[in-house]
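**Student:** Here's a structure for you.
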Amino acid sequence: MKRGFWFACLLALVLAPLCVAKAEAADASERTEGADVRIMSYNILHPDWSHVPVKGRDALVADILLRYRPDVAAIQEAGAKWHKALKTLLVDTGFYAPACRQSNAEGFIYCTTAFLYNPQTVRLVEEEILDLEIRHATRVFSVAVFERLSDGIRFVVCNTHPAPPEEEPEKYVRNMADLTALTVHIISKYAGLPVVIAGDFNTPEQSEQYLRYMREAGVRDAKYEAEALVCGCSTYFGYQVPPDPENMDSCIDHLFVNDGVDVKLFNAVIGHDVQQASDHIPIYADIALK
């Protein structure tokens, strides 16, 4: 029995890098054939909450964004230090522009649930931040309308980050109820437009709340709608913990879509030093706009 146990451990050590290498080979910097837009969701770990400095991680996050070049990246936990670092690395260089940058809190306070978008491929048309908690920089429902430069087609991307249920159970329930109602409102307000709702939902796939949100908001999980699924593992592993492509316990970051979206490809990025960049891994979807 001991021999079998150690053989299994050795086999896991051998196969894990192969799984990562396979996923890295399968993912792509270019959008998949038939897709119009790439949307990414990425929780980049707030330095003031986690006591993990931005310095060093900023270059890793920027490199990941530049490798995958999402047209729109929904970013969570982007505190002031992150806004300043990414401005230097991505905005001032012209690769990306920010949206939903300022929260509704009094004074200029950066919204931690914001966007970066590629000004070479899309134009920002409208932006607004709807509060889940009054004048809160994080518990929000950020909304941005974009227009593709190539054909003028418009689409909506939302970004959210409700309270964690294990730390603030009552607030989590309230946040989820509000963002469900806001999702319904936005889909109705922009009737006829493709809508993507991205974010760190703090809501695992195994939960009833995950199913309730999709049912009541009328949306679908892009991962399970995708024609091609590269990697669909957990999105939260902890800082400096290598992602395990077989682990499905903590799929809490999601990309949901309405009926105006065809999902061509979904991927959870498990290579490229993601474990050194944040405690979450980025996910992205290549979509076709109906």
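Conditions tested, residue by residue: (1) at pLDDT 95 or above; (2) among the small types (Gly, Ala, Ser).
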{"position": "Gly94", "(1), (2)": "yes, yes"}
{"position": "Phe108", "(1), (2)": "no, no"}
{"position": "Cys111", "(1), (2)": "yes, no"}
{"position": "Val145", "(1), (2)": "yes, no"}
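**Student:** Quick check on Gln275: is it out of contact with any Ser or Thr (no Cβ under 8 Å at 6 or more places or on another chain), touching a residue at least 24 places away in the same chain (Cβ under 8 Å), closer than 23 Å to Asp58 by Cβ and part of a helix (DSSP H, G or I)?
**Tutor:** Numbers: out of contact with any Ser or Thr (no Cβ under 8 Å at 6 or more places or on another chain): yes; touching a residue at least 24 places away in the same chain (Cβ under 8 Å): yes; closer than 23 Å to Asp58 by Cβ: yes; part of a helix (DSSP H, G or I): yes.
Judged against the criteria, Gln275 is a match.
**Student:** Here is a further query. Would a scan of the range 136-153 turn up a residue that is touching a helix residue (DSSP H, G or I) at 6+ places or on another chain (Cβ under 9 Å), at negative phi and not in a strand (DSSP E or B)?
**Tutor:** Checked the range 136-153: at least one residue is touching a helix residue (DSSP H, G or I) at 6+ places or on another chain (Cβ under 9 Å), at negative phi and not in a strand (DSSP E or B).
**Student:** Looking at Gly192, Gly199, can you tell me which residue is on the phi > 0 side of the Ramachandran plot and either in a helix (DSSP H, G or I) or crowded, with 23+ Cβ neighbours inside 10 Å (or both)? Please lay out each step first, then the result.
**Tutor:** Values: Gly192 fails: either in a helix (DSSP H, G or I) or crowded, with 23+ Cβ neighbours inside 10 Å (or both).
Criteria check complete, one pass: Gly199.
**Student:** Here is a further query. In the range 139-170, what residues are in contact with a Leu (Cβ under 9 Å, 6 or more places away or on another chain), over 23 Å from Ile287 (Cβ atoms) and surrounded by fewer than 21 Cβ atoms within 10 Å (Cβ to Cβ)?
**Tutor:** None; the set is empty.
**Student:** Shifting gears a bit: Answer yes or no as to whether Thr183 is modelled with pLDDT of 95 or more, buried (at least 21 other Cβ atoms within 10 Å of the Cβ) and either among the aliphatic types (A, V, I, L, M) or assigned to a helix (DSSP H, G or I) (or both).
**Tutor:** Details: modelled with pLDDT of 95 or more: yes; buried (at least 21 other Cβ atoms within 10 Å of the Cβ): yes; either among the aliphatic types (A, V, I, L, M) or assigned to a helix (DSSP H, G or I) (or both): yes.
Answer is yes for this residue.
**Student:** Hey, another quick one. Looking only at the range 203-252, how many residues end up being in contact with a strand residue (DSSP E or B) (Cβ under 9 Å, 6 or more places away or on another chain) and among the polar types (S, T, N, Q)?
**Tutor:** Here the count works out to 4.
**Student:** Taking Lys223 as the residue in question, decide whether it is in contact (Cβ under 8 Å) with a residue 12 or more places away in the chain, surrounded by fewer than 19 Cβ atoms within 10 Å (Cβ to Cβ) and closer than 18 Å to Arg31 by Cβ. Steps first, please.
**Tutor:** Working: in contact (Cβ under 8 Å) with a residue 12 or more places away in the chain: yes; surrounded by fewer than 19 Cβ atoms within 10 Å (Cβ to Cβ): no; closer than 18 Å to Arg31 by Cβ: yes.
Answer is no for this residue.
**Student:** Another one. Would you point out which residue out of Asp58, Asp71, Asp48 is closer than 24 Å to Ile252 by Cβ, touching a helix residue (DSSP H, G or I) at 6+ places or on another chain (Cβ under 6 Å) and among the acidic types (Asp, Glu)? Show your work before the answer.
**Tutor:** On the way: Asp71 fails: touching a helix residue (DSSP H, G or I) at 6+ places or on another chain (Cβ under 6 Å); Asp48 fails: touching a helix residue (DSSP H, G or I) at 6+ places or on another chain (Cβ under 6 Å).
Residue meeting the stated conditions: Asp58.
**Student:** Which condition does Leu90 not pass, out of (1) touching a Phe, Trp or Tyr at 6+ places or on another chain (Cβ under 8 Å); (2) more than 25 Å from Ile129 (Cα to Cα); (3) outside any loop (DSSP other than H, G, I, E, B), if it passes all the others?
**Tutor:** Of (1) touching a Phe, Trp or Tyr at 6+ places or on another chain (Cβ under 8 Å); (2) more than 25 Å from Ile129 (Cα to Cα); (3) outside any loop (DSSP other than H, G, I, E, B), only one is false for Leu90: (2).
**Student:** Okay, moving on. If I filter the range 36-89 down to residues being under 24 Å from Phe108 (Cα atoms) and touching a Pro at 6+ places or on another chain (Cβ under 7 Å), which single residue comes out as surrounded by the most Cβ atoms within 10 Å (Cβ to Cβ)?
**Tutor:** Tyr42
**Student:** Shifting gears a bit: Of the residues Val195, Val140, Val122, Val156, which single one is in contact (Cβ under 8 Å) with a residue 60 or more places away in the chain and under 24 Å from Thr235 (Cα atoms)? Show your work before the answer.
**Tutor:** Numbers: Val140 fails: in contact (Cβ under 8 Å) with a residue 60 or more places away in the chain; Val122 fails: under 24 Å from Thr235 (Cα atoms); Val156 fails: in contact (Cβ under 8 Å) with a residue 60 or more places away in the chain.
Just a single option satisfies the conditions, and that option is Val195.
The values are calculated or read from the model by the stated rules, or taken from the named source; none is laboratory data. Being a predicted model, the structure only gives us computed values, none of them experimental. As a convention, Cβ positions derive from the backbone with ideal geometry for all residues, glycine included, and neighbour counts pool all protein chains shown.
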